[in-house]
Amino acid sequence: MTHENIQALIGTAIVDTEFRQQLLEDAASVIGEFGLTPDEASAVLAVKASTLQGFASQLHSWIASKSSVPVLLY
């Protein structure tokens, strides 16, 4: 799995302040446009973070737990 859609989600949060705030406060309201798999959507919705760094870190850990190959989020 490449998790490109999660990378797009995080990338959007990096450059769009309003999106980032919405993602941190109510992820369910903004993830629909990214075509996440059910597993990815569940992982995103399970994140509890107050910063984008914390959000991305939790997703990185989830991705790493699913893969035997080291994963980088850009």
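Summary of values
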| quantity | calculated |
| --- | --- |
| Qualifying residues in the range 30-74 (those that are open to solvent by 50 Å² or more (accessible area, probe 1.4 Å), more than 15 Å from residue 4 (Cα to Cα) and among the small types (Gly, Ala, Ser)) - the one modelled with the lowest pLDDT | 68 |
| Selected residue (criterion: most open to solvent (accessible area, probe 1.4 Å)) from residues of the range 1-14 that are hydrophobic (A, V, I, L, M, F, W, C) and more than 11 Å from residue 52 (Cβ to Cβ) | 1 |
| Neighbours by Cβ (under 8 Å, 6+ apart or cross-chain): first from the range 51-68, touching a residue at least 24 places away in the same chain (Cβ under 8 Å); second of a type in the set (Val, Ile, Thr) and open to solvent by 70 Å² or more (accessible area, probe 1.4 Å) | 52/14 |
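The values are calculated or read from the model by the stated rules, or taken from the named source; none is laboratory data. All values reported here derive from a predicted model rather than from experimental measurement. Methodologically, a virtual Cβ is constructed for each residue, glycine included, from the backbone with ideal geometry; neighbour enumeration extends over all protein chains shown. What goes into the accessible areas is simple: the full protein's heavy atoms, side chains included, and nothing from ligands, DNA or RNA. Shrake-Rupley method; radii C 1.70, N 1.55, O 1.52, S 1.80 Å.
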